[in-house]
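The values are calculated or read from the model by the stated rules, or taken from the named source; none is laboratory data. The structure presented is a predicted model; accordingly, all values stated were derived computationally and were not measured. Using ideal geometry, Cβ is built from the backbone for each residue, glycine included, and neighbour counts are taken over all protein chains shown. What goes into the accessible areas is simple: the full protein's heavy atoms, side chains included, and nothing from ligands, DNA or RNA. Shrake-Rupley method; radii C 1.70, N 1.55, O 1.52, S 1.80 Å.
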Amino acid sequence: MGSGSGWKGRDVISILDFDRDSLEQLFEVADKFSSLLRERGRIPLLEGYIVALAFFEPSTRTRLSFETAAKRLGADTIGFTSEEAISIAKGETLADTIRMLDSYADMIVLRHRYEGAALYAAEIAEHPVINAGDGKQHHPTQAMLDLYTVRKLFGTIDGLTYGVLGDLRYGRAASSFILALTIYRPRMIYLISPPLLRVRPEVRMVLDERGMRYREVESLEEVLGELDVLYVTRIQRERFPDQREYEKVRGSYRVTLELLEQHARRELRILHPLPRVDEIAPEVDGTPYAAYFEQARNGVPVRMALLALIAG
Ligand code: NCD
């Protein structure tokens, strides 16, 4: 697997480090794993590997799906959760923690509240570093499973009209998804948010540089009828420097069944990186619009493919 692919040994810092061909290769391997998993629980390609899961910030889905992916491939995992990180740190620098993990493991999956943490770790570590979220900046493996989900639902990522709704300012999943779309040829991207939560300039710059068709709007109703994919995100309360700002936007959008029935196309599919707070009404869950649980499930085969390709 992975011969001549350019995947072996590489770091995963930003989704922009990848092109269509390498992503397509990832998705094809994920498809293979996905069908193999229907027959058996283990595909032991990474026997003897150790994957370090270094989560300095809370995580359930991302950490557990990486752990599941590693274990289904026969690898072992070491690591810590954010609660444990507080007690083990004892004032140790990130650099020293990374050096230690690098000497124990064959790969490091890192989540940290600082933007640039994964890139910094990759400069220190000899083994590949996978960014599982660095502050508000990047979440490339989430973007990979998001794209994979769209590709599975629609058979293509190109030519669709996308709406990305919510906290485009502090949400790394939203930013990474928007950046990921610039690798493809979407028909249109609507960036839907209250003014306070608009997309950051560095993300807008990539959209401009790559000649994307996009528009920033405040109202979901205005564009809902045009969308094929609606990517909803939670307001990232913990990243607001001032909680009074959070109070201004709290609960400012909510996707309800009524809204969907009034405005959405029947073919619309809704994604959400989860966790959800109140931005999608639970009554939407049982409808064909809801693709977010399937999206979360796709985390395992996509991360299996990622680990296997990087291990080479
Ligand atoms: C996201 C994250 O941590 O950035 N969650 C995830 O990885 N599935 C989104 C969020 O926390 O809102």
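Below is a table of values for the structure above.
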{"quantity": "Per residue, the convex hull volume that the Cα atoms of region 140-296 enclose (Å³)", "calculated": "102"}
{"quantity": "Listed pairs K136/K248; K8/K90; K152/K248; K8/K71 exceeding 30 Å between Cα atoms", "calculated": "K8/K90; K152/K248"}
{"quantity": "Whole-Hz ³J(HN,Hα) from phi, Karplus 6.51 cos²θ - 1.76 cosθ + 1.60, for region 192-199, glycine and proline x", "calculated": "10, 6, x, x, 5, 10, 4, 4"}
{"quantity": "Sites E258 and R200 - FRET efficiency at Förster radius 25 Å, r taken between beta-carbons, to 0.05", "calculated": "0.20"}
{"quantity": "Equivalent-ellipsoid semi-axes of the chain, from the Cα gyration tensor, Å, largest first", "calculated": "31, 23, 18"}
{"quantity": "Part-to-part distance (alpha-carbon centres) for region 154-187 and region 219-282, which is given in Å", "calculated": "14"}
{"quantity": "The chain - share of DSSP beta bridges that are antiparallel (%, nearest 5)", "calculated": "5"}
{"quantity": "Loop GluC sites (Glu not before Pro), region 219-312 (other Cβ atoms within 10 Å of the site Cβ: 13 or fewer; DSSP)", "calculated": "E267"}
{"quantity": "Accessible area (Å², 1.4 Å probe, nearest 10) - K32", "calculated": "130"}
{"quantity": "Region 126-215: GluC sites (Glu not before Pro) in DSSP coil with no more than 14 other Cβ atoms inside 10 Å", "calculated": "E126"}
{"quantity": "Interchain or long-range residues, amide H under 5 Å from Y214's placed H", "calculated": "I189"}
{"quantity": "Residues whose placed amide H lies under 5 Å from that of I280, excluding near-sequence neighbours", "calculated": "V255"}
{"quantity": "Å² per residue, accessible surface of region 1-137 at 1.4 Å", "calculated": "49"}
